[in-house]
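Visitor: Structure provided below as structure tokens; questions to follow.
The values are calculated or read from the model by the stated rules, or taken from the named source; none is laboratory data. Only a predicted model underlies this, so the values are computations on that prediction, with no experimental measurement involved. Heads up, the Cβs are rebuilt from the backbone with ideal geometry, glycines too, and the neighbour counts pull from every protein chain shown. With ligands, DNA and RNA removed, areas are computed over all heavy atoms of the protein, side chains included. Shrake-Rupley method; radii C 1.70, N 1.55, O 1.52, S 1.80 Å.
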Amino acid sequence: MSIPSTAEHHTTTHPALAHHFNDLAQQREAGTLGMWTFLVTEVMFFGGAFTGYAYYRWKFPEAFQAASHHLDIVLGTINTVVLICSSLTMVLAVQGAQRGDRKRLVRFLLLTILLALVFLGIKAFEYHHKWVEGHVPGRYFRWDPQHDGAVSPGGAQLFYSFYFTMTGIHAAHMIIGIGVIGVLVWMALRGRFTPESYGAVENTGLYWHFVDIVWIFLFPLLYLIGRH
Amino acid sequence: MTTIPIDEPRIEQHSNYLTNGYSVKSWLLTTDHKRIALLYLITITLFFFLGGAFAVLIRLDLMTPAGDLMRDETYNKMFTMHGIIMVFFFLIPAVPAVLGNFLIPLMIGARDLAFPRINLLSWYVFVIGGLFTLASVASGGVDTGWTFYTPYSSTYANTHVVLAALGVFITGFSSILTGLNFIVTVHTMRAPGMTWFRLPLFVWANYATSLIMILGTPVLAVTIVLVAIERIFGVGIFDPKLGGDPLLFQHLFWFYSHPAVYIMILPSMGVISELVTCFSRKRIFGYGFVAVSSLLIAVYGFLVWGHHMFVSGQSVYAGMIFSFLSFFVAIPSAIKVFNWTATLYKGSISYQTPMLYVFGFIGLFAIGGLTGLFLATLAVDVHVHDTYFIVAHFHYIMVGGVVMGYLGGIHFWWPKITGRMYPEGWAKLAALIIFVGFNLTFFPQFLLGYLGMPRRYHVYPEEFQILNVMSSAGASILGVGYLLPLVYLFWSLRWGPAAGPNPWAAAGLEWQTSSPPPTENFEKIPIVTQEAYAYSEGSGFPVSPEADYKEGGSPVVHS
Ligand SMILES: [Cu+2]
């Protein structure tokens, strides 16, 4: 069924070209499609958690509303802004790579890491606050109907279970992202990226924007719905 | 194209993927898809026989109505470990991770999968997940059933549920990575001229499977995370006592686990499509239908999960809708069966071992599929739910279907993988033993279930003993049938006759390179001018069976 043939294999011996690809364009296409496919799996992963959240929100509307009132909307808003800014710095880093501007690339990657750390710091503060209030689900969960709201404690605990699970998984994604960006910085400093070959930067950017978008969904679902 | 038979085929001495390094490191750090396929082959074979050992103990225990061999708790652990190991560590990876890994790049004319290092990573992830599960076995086993139903798994079970669940969670990522790799490879790595509708049906099947892997597996992963959180921190996500809902767990679990049935069966169907054409010397009937039916199964499989929950408290209307939808998922499967049958019609059929597995597959899958329609019928399901009828049904699909396809494929591509022919006589005998043993094991279980014997019980009324003993006897025959290939395939590695590049005179691209293939798969990337089923007179892939289907075959070189 086949005729021996095209032998342009390895005619373009770019150092960044892996042995099994024909050219950089094919390699880049594969990388981009791979990242998008991965993000589809991420959507399904978070989708499972969102489904659970939606179901219990429907089952315990008052409890979810009351529990959501205890979240700090100011800190949540600040964190949303911080995260959006980090997406901007990521875009600027990708642009730097595209132009072959190593300084710009490294600077904005580091800025992205910094913003991510600010986000995680604020998140940690919020978690701590919940612990002090006794709103961490499990053995130490306390819900005082007089003080916290006359709703089903079970429902309120479910709200916090999903709050911690979803923001926790989100934070884990950010920590992984920080690690990956750190590796990018190291690679950039060693001159691994050129305007023809910076797929790793671009794909990390896609990942980072995805993590950002997850938060854009989490913030209203957890903090905003039902506020008056 | 001319055909030049060569008298004395020899293993080609020039370097191939097996001779490219002999050190342990050259295997454990390989990024060659063919070597990774072999790593998977070894690993899942170990798991298969471990899961089989649990099955042996189950069948031994069921020989007597009193369940004399083990205590109740032990029996619960036996069927749980059998299920977890067979489902997650054998059936799901079997065809894609071994045959898919080995064949997809060869079939589409690529040098490797798109992400060779991720491919290696997927094997390591698989092994790590397996070690967690083995650790849970070693530390006393798990007794929740392979379905991990809550709140039993999350609150009440006193076994190492988290350890086993973590094993399944981790292994899920190996499945996701494999699926991702296949999808990107099929999209971006096809050789010039390899259009979508020239892709071998095995590739189509694996592509559809990969879609299920990347869409379904993450949902299982997050479900396991929720169960683990519930169990570790004592919160009530699925515990009704604390406001949670166990049905939510079942919905999430079956949203993955029904499509997972297709993760198992679709790649095997792909194998059957390849085998049935080669041994009928005929183009597949209805290529487009067979290809698209794989995609239909992948998509449609996501809409029917509720048929596992007819009696677990979902609303009657949900039950009716899921029942109705479940009938439709039979259509694309039936399309495949009809097309295979039509391919056989007026074909020049030869009864080599792989073809015996094709017949085994079609017959057993038809029984498994038709009894699936019984179970999709709401009223009938209420009667036979949680009985041995279910057990028999899904074993006809998974063992009768998946394992038959897997073994057929292993035999068919064995000469490509190793460069050696397996002993045909022994292989035919083993195929026959497996077929007989399988039916003797599982057909009585249909009867048992219909008569009312519940699954997961090891103490039963005396009138069920005869059928249970028949089933156990069948299982021992089946066991012999599975051990035979293990022996003669090993034997063939050293003493099997050299196969030559194309012992079956098959038309697929993977047969156009030497056996075993070189590390880069092809000397030169081929230009593809026709699909993989171009059997016709004068094409080099003749329509009559070659006289050379004798042991050892004689290779046909196409130039
Ligand atoms: Cu199902």
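Visitor: Just checking, does segment B:98-119 include any residue being over 30 Å from B:Met194 (Cβ atoms), part of a helix (DSSP H, G or I) and touching a helix residue (DSSP H, G or I) at 6+ places or on another chain (Cβ under 7 Å)?
Guide: Within segment B:98-119, none of the residues are over 30 Å from B:Met194 (Cβ atoms), part of a helix (DSSP H, G or I) and touching a helix residue (DSSP H, G or I) at 6+ places or on another chain (Cβ under 7 Å).
Visitor: To continue, here is another question. Where the second residue is open to solvent by 30 Å² or more (accessible area, probe 1.4 Å) and the first is more than 13 Å from chain B (Cβ to nearest Cβ) and lies in segment A:131-159, which pairs have Cβ atoms under 6 Å and are six or more apart or on separate chains?
Guide: A:Gly134/A:Arg142
Visitor: Another one. Take the residues of segment A:160-182 that are aliphatic (A, V, I, L, M), in contact with a Phe, Trp or Tyr (Cβ under 8 Å, 6 or more places away or on another chain) and open to solvent by 10 Å² or more (accessible area, probe 1.4 Å): which is farthest from the other protein chains (Cβ to nearest Cβ)? Give the derivation first.
Guide: So the first thing to find is which residues in segment A:160-182 are aliphatic (A, V, I, L, M), and the list is A:166, A:169, A:171-172, A:174-176, A:178, A:180-181.
From what is left, the residues that are in contact with a Phe, Trp or Tyr (Cβ under 8 Å, 6 or more places away or on another chain) are A:166, A:169, A:174, A:180-181.
Filter again for open to solvent by 10 Å² or more (accessible area, probe 1.4 Å), leaving A:169, A:180.
On the way: A:Ile169: 7, A:Val180: 14 Å.
Residue satisfying both the conditions and the ranking: A:Val180.
Visitor: Read through the list (1) open to solvent by less than 10 Å² (accessible area, probe 1.4 Å); (2) at pLDDT below 95; (3) in contact with a Gly (Cβ under 8 Å, 6 or more places away or on another chain), then give the number of the only condition that B:Ser153 fails.
Guide: Just one mismatch for B:Ser153, condition (3).
Visitor: Oh, and also: Does B:Met398 fit the bill of being touching a residue at least 60 places away in the same chain (Cβ under 8 Å), hydrophobic (A, V, I, L, M, F, W, C) and either assigned to a loop (DSSP other than H, G, I, E, B) or more than 30 Å from B:Pro518 (Cα to Cα) (or both)? Give the steps one after another, and end with the answer.
Guide: Numbers: touching a residue at least 60 places away in the same chain (Cβ under 8 Å): yes; hydrophobic (A, V, I, L, M, F, W, C): yes; either assigned to a loop (DSSP other than H, G, I, E, B) or more than 30 Å from B:Pro518 (Cα to Cα) (or both): yes.
Judged against the criteria, B:Met398 is a match.
Visitor: May I ask you to verify whether B:Val290 is open to solvent by less than 30 Å² (accessible area, probe 1.4 Å), touching a residue at least 12 places away in the same chain (Cβ under 8 Å), within 18 Å of B:Ile397 (Cα to Cα) and not small (Gly, Ala, Ser)?
Guide: Here the answer is no, as B:Val290 does not meet what is asked.
Visitor: Restricting attention to segment A:46-79, report how many residues are of a type outside the set (A, V, I, L, M) and open to solvent by less than 20 Å² (accessible area, probe 1.4 Å).
Guide: Residues meeting the conditions: 9.
Visitor: Filter segment B:226-260 for residues that are within 16 Å of the ligand (Cβ to nearest atom) and of a type in the set (Gly, Ala, Ser); which is surrounded by the fewest Cβ atoms within 10 Å (Cβ to Cβ)?
Guide: It comes out as B:Ser257.
Visitor: List every residue pair whose Cβ atoms lie under 9 Å apart, where the two residues are 6 or more positions apart in sequence or sit on different chains, the first residue falls within segment B:250-264 and is touching a residue at least 60 places away in the same chain (Cβ under 8 Å), and the second residue, located anywhere, is of a type in the set (Val, Ile, Thr) and within 11 Å of the ligand (Cβ to nearest atom).
Guide: Once the first residue is touching a residue at least 60 places away in the same chain (Cβ under 8 Å) and sits in segment B:250-264, its partners that are of a type in the set (Val, Ile, Thr) and within 11 Å of the ligand (Cβ to nearest atom) give B:Val261/B:Ile397; B:Met264/B:Ile397.
Visitor: Give the number of residues within segment A:58-83 that are away from chain B (no Cβ under 14 Å) and basic (Lys, Arg).
Guide: 0
Visitor: Within the set of pairs 6+ apart or on separate chains, which have a first residue in segment B:294-315 that is within 14 Å of chain A (Cβ to nearest Cβ), a second that is more than 14 Å from the ligand (Cβ to nearest atom), and C-beta atoms under 6 Å apart?
Guide: Hits for this filter: B:Ala298/B:Ala208; B:Ala298/B:Leu211.
Visitor: So, of the residues in segment A:187-206 that are in contact (Cβ under 8 Å) with a residue 12 or more places away in the chain and not in a helix (DSSP H, G or I), which turns out to be most open to solvent (accessible area, probe 1.4 Å)?
Guide: Per the stated criteria, the residue is A:Arg192.
Visitor: Also: Say whether the condition of being open to solvent by 10 Å² or more (accessible area, probe 1.4 Å) and at the interface with chain A (Cβ under 7 Å from one of its Cβ atoms) is met by at least one residue in segment B:194-208.
Guide: No, segment B:194-208 contains no residue that is open to solvent by 10 Å² or more (accessible area, probe 1.4 Å) and at the interface with chain A (Cβ under 7 Å from one of its Cβ atoms).
Visitor: Further question: Pick out the one residue from A:Val82, A:Val94 that is in contact with a Gly (Cβ under 6 Å, 6 or more places away or on another chain) and crowded, with 17+ Cβ neighbours inside 10 Å.
Guide: One residue alone meets the criteria, A:Val94.
Visitor: Please go through segment B:334-368 and give me each residue that is more than 15 Å from B:Phe279 (Cα to Cα) and over 16 Å from the mean Cα position of the chain (by Cα), ordered by number.
Guide: Residues satisfying the conditions are B:Ala334, B:Ile335, B:Lys336, B:Val337, B:Phe338, B:Gly363, B:Ala366, B:Ile367.
Visitor: When only residues in segment B:106-122 that are more than 21 Å from B:Lys416 (Cα to Cα) and surrounded by 24 or more Cβ atoms within 10 Å (Cβ to Cβ) count, which is farthest from the other protein chains (Cβ to nearest Cβ)?
Guide: Filtering first and then ranking leaves B:Ser122.
Visitor: Related question: As an exercise: evaluate B:Phe464 against (1) part of a loop (DSSP other than H, G, I, E, B); (2) over 19 Å from B:Leu38 (Cα atoms) and give the number of the one condition it does not meet.
Guide: Status for B:Phe464: all satisfied but (1).
Visitor: If I filter segment B:261-273 down to residues being within 16 Å of the ligand (Cβ to nearest atom) and aliphatic (A, V, I, L, M), which single residue comes out as surrounded by the fewest Cβ atoms within 10 Å (Cβ to Cβ)?
Guide: Taking segment B:261-273 first, the residues within 16 Å of the ligand (Cβ to nearest atom) are B:261-266.
Keeping just the survivors that are aliphatic (A, V, I, L, M) gives B:261, B:263-266.
Numbers: B:Val261: 23, B:Ile263: 29, B:Met264: 28, B:Ile265: 26, B:Leu266: 31.
Result: B:Val261.
Visitor: Something else about it: Working carefully through the options B:Gly129, B:Gly179, find the one that is touching a Phe, Trp or Tyr at 6+ places or on another chain (Cβ under 8 Å) and open to solvent by less than 20 Å² (accessible area, probe 1.4 Å).
Guide: Working: B:Gly179 fails: touching a Phe, Trp or Tyr at 6+ places or on another chain (Cβ under 8 Å).
So the residue among B:Gly129, B:Gly179 that is touching a Phe, Trp or Tyr at 6+ places or on another chain (Cβ under 8 Å) and open to solvent by less than 20 Å² (accessible area, probe 1.4 Å) is B:Gly129.
Visitor: May I pose another question? State whether one or more residues within segment B:220-243 are of a type outside the set (Lys, Arg), touching a strand residue (DSSP E or B) at 6+ places or on another chain (Cβ under 7 Å) and more than 9 Å from every other protein chain (Cβ to nearest Cβ).
Guide: No - not one qualifying residue is present in segment B:220-243.
The rows are residues; the columns are (1) within 11 Å of chain A (Cβ to nearest Cβ); (2) assigned to a helix (DSSP H, G or I); (3) at pLDDT 95 or above.
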| site | (1), (2), (3) |
| --- | --- |
| B:Ser476 | no, yes, yes |
| B:Leu489 | no, yes, yes |
| B:Arg494 | no, yes, no |
| B:Gly500 | no, no, no |
| B:Pro503 | no, no, no |
| B:Ser515 | no, no, no |
| B:Ser536 | no, no, no |
| B:Ala547 | no, no, no |
| B:Gly552 | no, no, no |
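Visitor: Could you tell me how many of the residues in segment B:75-109 are closer than 23 Å to B:Met470 by Cα and out of contact with any Ser or Thr (no Cβ under 9 Å at 6 or more places or on another chain)?
Guide: Residues flagged as closer than 23 Å to B:Met470 by Cα and out of contact with any Ser or Thr (no Cβ under 9 Å at 6 or more places or on another chain) within segment B:75-109 amount to 5.
Visitor: Among what's in segment A:29-46 and is among the small types (Gly, Ala, Ser) and within 7 Å of chain B (Cβ to nearest Cβ), pick the residue that is nearest to B:Ile183 (Cα to Cα).
Guide: Restricting to residues being among the small types (Gly, Ala, Ser) and within 7 Å of chain B (Cβ to nearest Cβ), the top hit is A:Gly34.
Visitor: With (1) open to solvent by less than 50 Å² (accessible area, probe 1.4 Å); (2) closer than 17 Å to A:Val91 by Cα as the list, and A:His209 as the residue in question, which single condition is left unmet?
Guide: (1)
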